[in-house]
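Enquirer: Before anything else, here's the structure in question.
A short reminder: the numbers here are calculations on the coordinates, not readings from a lab. The structure presented is a predicted model; accordingly, all values stated were derived computationally and were not measured. As a convention, Cβ positions derive from the backbone with ideal geometry for all residues, glycine included, and neighbour counts pool all protein chains shown.
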Amino acid sequence: MTKNGLLITFEGGEGSGKTTQSEILYNTLLEKGFDAIKTREPGGTQLAEIIREILVQGESNKIDNVSELFLFAAARADHVQKVIKQCLNDNKIVICDRFIDSTLAYQGYAGRLDLNIVKEVNNISIDKIYPDLTFVFDINPTQGIERALKENNKETRFEEKDIMYHKKIRDGYMNIARDNPHRCVVMNGTDDIKQISKKILEITLNKINE
Ligand code: TMP
C-alpha cells in the first residue's frame with residue numbers, strides 16, 4: 001500500500017498543551033477544507049481503547065515496563081492497521097495525539113528499557129508508517145503535572161509517577177527531537193495558545209505544500 005496522506009503527531013510530557021493544540025489544528029484544517037482526521041494513542045480503535053483503559057488508569061506501578069511496552073505496541077499496531085494506513089491511503093491528513101515517540105520517551109528513556117529494543121518494537125508496530133511531522137511540546141514537568149492533575153479525570157497512572165520519571169521523559173523528548181530534525185519541531189508549552197497555534201498552522205501548511 002502506498003502512503004499518500006500526511007501523518008502529523010503531537011508529543012510531549014503531561015500537561016504540555018499538545019491535546020489542545022492538536023484539536024485547534026484539526027478544526028482549522030477542516031475549516032480550510034482539508035480532509036483531516038484526529039485520533040489518539042493509546043486508542044483510536046475499539047481494541048486500542050480497551051488497552052488504553054488498562055494502561056492509563058489505576059496504581060502507577062501496577063504494570064512492569066516490559067508488559068507496558070508490549071501493550072502500547074499492541075494498541076498501536078491495531079490502530080495503524082485498522083485506521084491510520086487506510087486514512088493515509090485515502091490521502092487524508094491524520095493528526096495523532098501521541099505516537100512512537102511517546103513509547104521511546106516514556107518506556108525507553110524514563111522506563112529505562114533498552115532504547116534500541118523500544119525502537120525495534122516501535123518499528124514492528126507501525127509497519128513503516130512514520131510520522132511526516134511531529135510537534136514536541138516542552139514544559140517543566142512540575143508545572144505540567146500541576147496542569148494535568150487539574151483536569152480531574154481518572155487517567156492519572158502516569159501523572160502519579162515520581163518527578164524523576166517525568167524529568168527523564170522531558171530529556172528523552174529533547175533527544176528524540178535532536179535525533180529527528182527532519183520531522184520534529186519543539187514548541188514551548190508555556191507560550192501563548194494563539195501564538196503556538198499560529199506557528200503550528202504555518203509549519204503544517206508548509207509541509208502540505210512541500
Ligand atoms: P494522554 O495523557 O496524552 O492521553 O496519554 C496517555 C498516557 O499514556 C500518557 O500518560 C502517556 C502514556 N503513554 C506512554 O507511556 N507510552 C506510549 O507509547 C503512549 C502512546 C502513551
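Enquirer: Given a cut-off of 19 Å, name the pairs among LYS62/LYS161; LYS18/LYS82; LYS32/LYS85; LYS18/LYS150; LYS38/LYS82 whose C-alpha atoms lie farther apart than that in the structure shown. Don't jump to the answer; show the numbers that get you there.
Expert: Values: LYS62/LYS161 11 Å; LYS18/LYS82 24 Å; LYS32/LYS85 23 Å; LYS18/LYS150 16 Å; LYS38/LYS82 14 Å.
Cα-Cα > 19 Å for LYS18/LYS82; LYS32/LYS85; rest within.
Enquirer: So, in nm, how far is label ILE50 from label GLU202 when the simple model puts each one 7 Å beyond its Cα toward the Cβ?
Expert: In this crude label model, ILE50 to GLU202 measures out at 4.6 nm.
Enquirer: Oh, and also: Once you order the gyration tensor axes a ≥ b ≥ c over the Cα atoms, which shape class does region 83-210 get: rounded for a/c under 1.5, otherwise prolate or oblate by comparing a/b with b/c?
Expert: Oblate, since a/c reaches 1.5 and b/c is not below a/b.
Enquirer: I'd like the Karplus ³J(HN,Hα) series for region 98-104: coefficients 6.51, -1.76, 1.60, θ = phi - 60°, whole numbers in Hz, and an x wherever there's a Gly or Pro.
Expert: Each residue of region 98-104 in turn: 6, 7, 4, 5, 4, 5, 5 Hz.
Enquirer: Over the alpha carbons of region 50-113, what is the largest minus smallest coordinate on each principal axis, giving the biggest first in Å?
Expert: Principal extents (largest minus smallest coordinate, Cα): 40, 24, 16 Å.
Enquirer: Ok, one more. Taking 0.36 nm per residue of separation and subtracting the Cα-Cα distance, what length does fully extending LEU149 through MET174 add?
Expert: So the extension gain works out to 6.7 nm.
Enquirer: Ok, one more. To make sure I understand the rule: partners must be aspartates and glutamates, Cα under 16 Å from the Cα of LYS194, and not fewer than 8 residues away in the same chain. Which ones qualify?
Expert: Reachable aspartates and glutamates: GLU23, GLU202.
Enquirer: Nothing charged except the Cβ atoms of Lys and Arg (+1) and of Asp and Glu (-1): what's the magnitude of the dipole of region 54-111 about its Cα centre? Round to the nearest 20 debye.
Expert: 220 debye
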